[in-house]
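Here's the structure, in structure tokens; my notes come after.
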Amino acid sequence: MAKISSLLIAVICILPALALATRPVQKNNHKFCVRGRVYCDPCRAGFETPASTYLEGAKVKLQCRERNTQKVLYEDDAVTDATGTYKIYVDKDQKNNVCDTILVSSPHRRCKLADPGRDRSRVTLTSNNGIVSSERYANNLGFWMAEPMSFCAKLMKQYELTEDEV
């Protein structure tokens, strides 16, 4: 009986310590890291296709607003790297604030129009939501070309649904 009690006490003490040890370590003393990518949609499809390319040098901003008044409480910006990826570090938990990543500008001279359906992405920046990681991933943001490229009609045919597929 004493062995079982000792074993039970050891398990109760060791399991929580193991659980804490496996949690991700935060880097750079930042509360959150918001990540996302920016692409150019040459076919104006409204989503990424095999023809989409990721943009280096695109500007994105993170904006957090108070839920009721819409007053901007936090704002920061970033520029995409060679893979079209941006990272924005946030030091403070945004609790009930509404936060969005928003397209600002494109470096591509022919792909400068923000896709109205992909020009912003909502991100949750609070620790009180059950997400253990400090990493937050925003949906990819997209720019359009003024006119679709000539090959786009053929490319878009593969996305058409027939009555049987609906």
Mind checking which lysines have their C-alpha under 27 Å from Lys71, skipping anything on the same chain fewer than 8 residues away? Lys31, Lys59, Lys61, Lys87, Lys92, Lys95
Apply the a/c threshold of 1.5 to the C-alpha gyration tensor of the stretch 28-145 and tell me whether it is rounded, prolate or oblate. prolate
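If Lys and Arg each add +1 and Asp and Glu each add -1, what is the summed charge of the other residues whose beta carbon sits under 11 Å from the beta carbon of Thr85?
That sum, taken over residues with Cβ under 11 Å, equals +1.
Laboratory data are not the source of any read-out in this text; all were calculated from the coordinates shown. Note that the structure is predicted; figures quoted are calculated from it, not measured. Cβ coordinates were reconstructed from backbone atoms using ideal geometry, including for glycine residues, and neighbour counts include every protein chain displayed.
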